[in-house]
1. Has the range 23-32 got at least one residue that is modelled with pLDDT under 90 and loosely packed, with under 10 Cβ neighbours inside 10 Å?
2. If you take the residues in the range 69-85 that are part of a strand (DSSP E or B) and without any contact (Cβ under 8 Å) to a residue 40 or more places away in the chain, which one is nearest to residue 26 (Cα to Cα)?
3. Limited to the range 59-68, what total is found for residues that are over 16 Å from residue 85 (Cβ atoms) and not in a loop (DSSP other than H, G, I, E, B)?
4. Looking only at residues that are of a type outside the set (A, V, I, L, M, F, W, C) and surrounded by 15 or more Cβ atoms within 10 Å (Cβ to Cβ) in the range 41-56, which one is farthest from residue 80 (Cα to Cα)?
5. Filtering the range 69-80 down to residues that are at pLDDT below 95 and open to solvent by less than 70 Å² (accessible area, probe 1.4 Å), which residue is nearest to residue 35 (Cα to Cα)?
6. Test residue 20 against the stated conditions and say whether it is open to solvent by less than 70 Å² (accessible area, probe 1.4 Å), at pLDDT below 95, of a type in the set (Ser, Thr, Tyr) and part of a loop (DSSP other than H, G, I, E, B).
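The values are calculated or read from the model by the stated rules, or taken from the named source; none is laboratory data. Model, not experiment: these values are computed from the prediction. Note: ideal-geometry Cβ built from the backbone for every residue, glycine included; neighbour counts use all protein chains shown. Only protein heavy atoms, including side chains, enter the accessible area calculation; ligands, DNA and RNA are left aside. Shrake-Rupley method; radii C 1.70, N 1.55, O 1.52, S 1.80 Å.
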Amino acid sequence: DENLNRVVAFFDNAKIKGGSVPTVGRFTGLSVQGANVVISWAGPGVLQSIGKLGDVWKDVTPPPVGTSITVPASADASQFYRLKL
């Protein structure tokens, strides 16, 4: 709907250029394989993780090759993941 792509604002000396907003990838799958969890995504982004919400997000190292990662499952620890542009 074209009405959803409209912004009304007042500017002084504004320059509007064409283009699009950069997008980050999205998670597409989560599966359990034996004692591991496989996380998959599509699109661009740097995979980051933290052990506890409120901590500082850190890039997963080494960076995954491709668009999936296999991590060991643990009932004793939580790990959160995100894709950052």
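1. For the range 23-32, residues modelled with pLDDT under 90 and loosely packed, with under 10 Cβ neighbours inside 10 Å: absent.
2. Among them, the one singled out is 82.
3. Residues flagged as over 16 Å from residue 85 (Cβ atoms) and not in a loop (DSSP other than H, G, I, E, B) within the range 59-68 amount to 1.
4. Among them, the one singled out is 45.
5. Residue satisfying both the conditions and the ranking: 73.
6. For residue 20, the condition - open to solvent by less than 70 Å² (accessible area, probe 1.4 Å), at pLDDT below 95, of a type in the set (Ser, Thr, Tyr) and part of a loop (DSSP other than H, G, I, E, B) - is not met.
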